[in-house]
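The values are calculated or read from the model by the stated rules, or taken from the named source; none is laboratory data. These figures come from a predicted structure and were not determined experimentally. Every residue, glycine as well, gets a Cβ built from its backbone with ideal geometry; the counts of neighbours run over all protein chains shown. These area figures cover heavy atoms from the full protein model, side chains too; ligands, DNA and RNA do not enter into them. Shrake-Rupley method; radii C 1.70, N 1.55, O 1.52, S 1.80 Å.
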Amino acid sequence: MSALGGMMAVRAVTIGGWGYLMLWPAMTFLIVACAYFRNTPKITGKRSDGGFPSGRVLLLLPYLLIGWTAWHLLRLVDRAPAWQRIDEGLTIGRRVLPQEFPEAVDLTVDLTTEFREPPGVVRATAYLS
C-alpha cells in the first residue's frame with residue numbers, strides 16, 4: 001500500500017497539472033499504510049467506538065471507496081460463512097453486517113483501521129477497536 005501511494009505521488013508530480021489530483025489518493029494510501037505499520041488506528045481517525053469523524057472520511061475517501069466496494073463485492077460473491085465458531089468461547093470471522101452477527105458473542109474485537117463498524121454490531125456486544 002505504501003509503495004502504491006509513493007508511486008502515485010511520484011507520478012502526480014511528474015505529470016504536473018491535472019496529475020496533481022493523484023496526490024489525494026496517494027496520500028490516503030500512505031496514511032493507511034502508516035496506521036498499519038505503526039499499529040496506530042488513530043492515525044486514520046478511527047475512534048474507540050468504531051466510528052470516524054466526517055472530516056477523516058472525506059480525507060480518506062479515495063482509499064475508503066476502493067475498500068468498501070471490494071468488501072461489498074466480495075461479500076456478494078463469496079459463499080463462505082461470515083463467521084466460524086472455533087470452540088465454545090471463540091468465534092472468528094470477517095467484518096459482518098448486523099444481520100449476519102452470530103448469537104452469544106460477548107466481545108467484538110475489530111482489527112481494521114479503515115472500516116467504520118456498523119452501529120448494530122457495536123451495540124450488540126462489548127466492542128474493542
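Ranked by solvent-accessible area (1.4 Å probe, protein heavy atoms only, all chains present), the residues Val121, Val10 order from largest to smallest as Val10, Val121. Relative to the longest principal axis of the C-alpha atoms of the chain, give the angle of the C-alpha long axis of helix 23-37, reported between 0 and 90° and rounded to the nearest 10°. Roughly 40 degrees between the two axes. Heavy atoms of the protein chains alone define the surface here; on that basis region 42-104 has 68 Å² accessible area per residue at 1.4 Å probe size. To the nearest 10 square angstrom, what accessible area does Leu90 show with a 1.4 Å probe? Approximately 80 Å² of Leu90 is accessible to the 1.4 Å probe.
Within the accessible area of the chain, the carbon and sulfur atoms contribute 65%, probe 1.4 Å, all protein chains present. Each residue was assigned an accessible area with a 1.4 Å probe, and for Asp110 the value is about 10 Å². Rounded to whole numbers, the Karplus 3J(HN,Hα) couplings from phi for region 64-76 are 4, 4, 5, x, 4, 4, 4, 5, 5, 5, 4, 4, 6 Hz, using 6.51 cos²θ - 1.76 cosθ + 1.60 with θ = phi - 60°, and x at Gly and Pro.
For region 27-110, applying the loop criterion from DSSP together with a ceiling of 15 other beta carbons within 10 Å to the GluC sites (Glu not before Pro) yields Glu88, Glu103. Size descriptors for region 1-85: radius of gyration and Dmax over Cα atoms are 15.4, 53 Å. In this structure, the amide hydrogen of Thr91, modeled 1.01 Å from its nitrogen in the peptide plane, lies closer than 5 angstrom to those of Ile86, counting only residues at least 5 positions away or on a different chain. Mind grabbing the base-10 log of I(q)/I(0) for region 90-129 at q = 0.28, 0.32 Å⁻¹? Debye formula, identical points on the C-alpha positions, no solvent, two decimal places. Log-scaled intensity ratios, in q order: -1.14, -1.54. Each residue of region 99-107 is assigned a 3J(HN,Hα), and the resulting list reads 6, 9, 5, x, 7, 6, 10, 9, 9 Hz, derived from the Karplus form 6.51 cos²θ - 1.76 cosθ + 1.60 (θ = phi - 60°), x at Gly and Pro. Close amide H partners of Thr108, meaning residues 5 or more places away or on another chain with modelled amide H under 5 Å apart, are Ala126, Tyr127, Leu128.
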